[in-house]
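A quick write-up on the structure given underneath.
The values are calculated or read from the model by the stated rules, or taken from the named source; none is laboratory data. Everything quoted here is computed from the prediction, not taken from an experiment. Ideal geometry is used to build each Cβ from the backbone, glycine not excepted, and the neighbour counts take in all protein chains shown. Please note that ligands, DNA and RNA were not included when accessible areas were found on the heavy atoms of the full protein model with its side chains. Shrake-Rupley method; radii C 1.70, N 1.55, O 1.52, S 1.80 Å.
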Amino acid sequence: NQQIADFCENTFGVRFPMFAKSSVKGPQANAFYQQLAQQAGGPPRWNFHKYLVGRDGKVVDSYTSLTAPDNRSLVRAIEEQLALRAPQPA
């Protein structure tokens, strides 16, 4: 896990907390990724696949690993979601 964190920081400038390495596809996939894949209509195809999750906890969209983190469409979608009000508890 430390090697992965070091690689991401040195290569991509990542400085946010990350999950420990886990499976994201197939029957051994982490439960979190199983739920994301179910909501998005499919599992990630490769590393750095991105899921945009709304304030309500539901998947809004997903983006392939070819989508850069600073892609205009992705950034705009994130900003739109941030501008929405958080759902009120029932």
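Restricted to the chain, the set of helices (runs of 4 or more DSSP H) holding at least 1 residues that are without any contact (Cβ under 8 Å) to a residue 60 or more places away in the chain and charged (D, E, K, R) comprises 2-12, 72-83. Can you pull out the residues in the stretch 17-60 that are at pLDDT below 90, within 23 Å of Ser73 (Cβ to Cβ) and of a type in the set (Phe, Trp, Tyr)? If the condition is that a residue be at pLDDT below 90, within 23 Å of Ser73 (Cβ to Cβ) and of a type in the set (Phe, Trp, Tyr), then Trp46, Phe48 are the ones that fit. Looking at Glu9, Glu79, just one residue is exposed (fewer than 10 other Cβ atoms within 10 Å of the Cβ) and of a type in the set (Asp, Glu), and that residue is Glu79.
Checking the conditions here, which among Val14, Val59 is within 11 Å of the chain's Cα centre (by Cα) and open to solvent by less than 60 Å² (accessible area, probe 1.4 Å)? Among Val14, Val59, only Val59 is within 11 Å of the chain's Cα centre (by Cα) and open to solvent by less than 60 Å² (accessible area, probe 1.4 Å).
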